[in-house]
Amino acid sequence: MTTRAERRSAPRPGRQARHQAREAALQMLYQWEVGRASMPDVLRTFWLHDEPPASELPDEQRAFAETLATGVTDQVGNLDPLIAEAAEHWRLERMNVMDRLILRMAVYEFLHEPDTPARVIINEALELARTFSHDEAVRFINGLLDAIRRRLSRE
């Protein structure tokens with residue numbers, strides 16, 4: 001018999017795969033932003049060179065990762081003003097690249113993934129920041145995303 005703590009800490013089916021899909025999308029966005037590769041080029045080569053576990057993602061999660069990455073690049077002109085408005089004393093171009101990409105991806109999800117609760121989007125963004133950025137980024141991203149969530153009236 002499992003304890004309540006074990007049940008709470010056990011990942012729900014698909015949760016880990018969605019997180020891995022978000023990690024893959026973030027890596028694709030990094031190639032696009034820093035490598036100056038077009039998103040079609042990134043999509044064409046990403047899965048060929050990526051190491052497990054992302055390369056072992058089911059097709060549905062690969063599609064989710066690609067939707068996030070292409071959605072962010074297609075909508076960056078709409079996402080950046082929302083982030084800039086919430087980041088009162090920070091210019092977007094002065095932000096850490098990974099922080100900026102994590103913020104863009106989360107704001108994209110706020111706007112285009114209505115079935116995903118805002119708290120899940122924020123928690124996922126914070127996990128990405130813990131993995132790909134630094135400790136101060138977690139607080140920074142949390143504050144900005146909470147302000148954007150309120151501005152968008154997103155629950």
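The values are calculated or read from the model by the stated rules, or taken from the named source; none is laboratory data. Everything numeric in this text was worked out from a predicted model, so none of it was measured. Methodologically, a virtual Cβ is constructed for each residue, glycine included, from the backbone with ideal geometry; neighbour enumeration extends over all protein chains shown.
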- Out of all the residues in segment 116-125, is one or more of a type in the set (S, T, N, Q), within 20 Å of GLN16 (Cβ to Cβ) and assigned to a helix (DSSP H, G or I)? yes
- Can you tell which of ASP115, ASP99 is modelled with pLDDT under 95, of a type in the set (D, E, K, R) and under 16 Å from the mean Cα position of the chain (by Cα)? ASP115
- Message: Quick check on my filter: what residues within segment 131-155 are surrounded by fewer than 13 Cβ atoms within 10 Å (Cβ to Cβ) and part of a helix (DSSP H, G or I)?
- Response: THR131, ASP135, GLU136, ARG139, GLY143, ARG150, ARG151
- In this structure, is PHE110 within 13 Å of the chain's Cα centre (by Cα), under 21 Å from THR67 (Cβ atoms), aromatic (Phe, Trp, Tyr) and surrounded by fewer than 19 Cβ atoms within 10 Å (Cβ to Cβ)? no
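Rundown of residues vs (1) modelled with pLDDT of 90 or more; (2) farther than 21 Å from ALA125 by Cα, yes/no style:
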{"site": "ARG15", "(1), (2)": "no, no"}
{"site": "GLU33", "(1), (2)": "yes, no"}
{"site": "SER38", "(1), (2)": "yes, yes"}
{"site": "VAL42", "(1), (2)": "yes, yes"}
{"site": "PRO58", "(1), (2)": "no, yes"}
{"site": "ALA63", "(1), (2)": "yes, no"}
